[in-house]
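Colleague: There's a structure below that I have some questions on.
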Amino acid sequence: MKPCPDHKETLWLDVYGELHPNERPAWEKHLEKCEGCCQERKQLLRLLQTVKASMPSPGLSREEAGALASSIIRKLGVERKEMWWRKGLFGVPNRLIPALAAASILIVAFGWFSMKGLRTPSPMRSNSNIQSEEQILVKDLDIIENLELLEEMDTLQKLVQVVDRGDVPLYTKPN
Amino acid sequence: MTIREVNSKGKDSPISLKDEELVARARENDQWATEEFISRYQQKAYAIAYYLCSGDSEEAQDLTQEAFLKAFRNIKKFRGNSSFYTWFYRIVVNTCLDGRRRRRRRERIFSLWKPGQREEEPSQEVFEEQPDMGEDNNPMAVLSGKQLTREVRKALMFLPERQRVAFQLKVFQGMSIREIAHVMGSAEGTVKSHLFRATHSLRTVLKDWVVR
């Protein structure tokens, strides 16, 4: 036999002990007449009792309860100390501390790099030094390569000087 | 009206205090209030955690502790819109559900690393072995009781999370639908629906046991 569909919600509320006291007399009257609802109610109650009875009833032993309580209190104490320390940090709100730390790191980094820039010579200057040294080297190489020519030119210059002085006749008169 | 006791230090003993007064004292980091709050609620909180952790007592203790710490950290945020214990039980339930999800994620990751062990290891979603039901020495009855317990546990574990929570708070903790609605942050109608569906599923699974 099936329960009445109209009384389904009332039946479930009754089984769960949630039926309003005003609705109870009418419901009990209905149960007296309706075999289907009565059977359904019995089955549901048996189901809940079975489920409840089959599960263990958990509980902390005295030792476990004491250990748990002392552990919670100890951890709370540690947390409260930490919170006090954080709150007392120059009166700055906690959420601003990471931002302040980041800003300080940036300032230090910029300061460091700018100081470093003042101490070291500029790269342009060193480049010009290198260029002048290279030019000297190129000149020296030119001199070495044209050394023979220069020696010849030196000989010619001496010859011209001798001729100009008139020590040597330019030509001999044929007999 | 609350009857107050005066202790040796000349202060009101928190034992006689109402929840609201206890909360007010705990907000001021009163050591007595904190201890009283813990001793007043730890059994109940543990019982809720125990069922939500599928009977793992160690995990239930860890999560109970975590819930208390969360409650004390946030006690200043309690505005008194609902009763204090429903506010606290809500923290307990949410802590347990989060803890279970974390654990499941961790297990999933480890099972990916060790695929060979996946099938060999028994599921962690099992209630710890409990003493036999009742004082009955009849071996058949004991066997039957154990089997029923296993069936009930299995049936509960297969319920969707919210249905299971609603059912456990109602049947094992004896909370009213209104209280469950506060704890779960749902409407009363939703809680009723969860309860009905859960009962229907359990009835189908445990049909043979109930009809006997």
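The values are calculated or read from the model by the stated rules, or taken from the named source; none is laboratory data. This one's a predicted model, so the numbers in the text were calculated from it and none came from an experiment. Every residue, glycine among them, receives a Cβ derived from its backbone with ideal geometry; neighbour counts consider all protein chains shown.
Colleague: Exactly one condition in (1) within 14 Å of chain A (Cβ to nearest Cβ); (2) modelled with pLDDT of 80 or more; (3) outside any helix (DSSP H, G or I) is not met by B:F72; state its number.
Modeller: With (1) within 14 Å of chain A (Cβ to nearest Cβ); (2) modelled with pLDDT of 80 or more; (3) outside any helix (DSSP H, G or I) applied to B:F72, the lone miss is (3).
Colleague: Looking only at segment B:163-202, which residues are under 14 Å from B:S54 (Cα atoms) and basic (K, R)?
Modeller: B:R164 - this is the single residue of segment B:163-202 that is under 14 Å from B:S54 (Cα atoms) and basic (K, R).
Colleague: What helices (runs of 4 or more DSSP H) lie completely within segment B:131-212 and have 2 or more residues being at pLDDT 90 or above, at negative phi and away from chain A (no Cβ under 11 Å)?
Modeller: Filter on segment B:131-212 gives B:161-171, B:177-184, B:188-205.
Colleague: Note down all Cβ pairs under 9 Å where the first residue falls in segment B:174-201 and is among the basic types (K, R), the second is exposed (fewer than 15 other Cβ atoms within 10 Å of the Cβ) and in a loop (DSSP other than H, G, I, E, B), and they're at least six residues apart or on different chains.
Modeller: Close Cβ pairs satisfying both conditions: B:R197/B:P160.
Colleague: Another question, if that's okay. Could you tell me which of the residues B:T34, B:T86 is among the β-branched types (V, I, T) and within 12 Å of chain A (Cβ to nearest Cβ)?
Modeller: Among B:T34, B:T86, only B:T34 is among the β-branched types (V, I, T) and within 12 Å of chain A (Cβ to nearest Cβ).
Colleague: How many residues, within segment B:42-60, are among the hydroxyl-bearing types (S, T, Y) and more than 9 Å from chain A (Cβ to nearest Cβ)?
Modeller: 1
Listed here are the residues, each with its yes/no results for (1) within 19 Å of B:Y41 (Cα to Cα); (2) modelled with pLDDT under 90; (3) facing chain B (nearest Cβ under 7 Å); (4) not in a helix (DSSP H, G or I).
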| position | (1), (2), (3), (4) |
| --- | --- |
| A:K42 | no, no, no, no |
| A:A69 | yes, no, yes, no |
| A:I72 | yes, no, yes, no |
| A:L76 | yes, yes, yes, no |
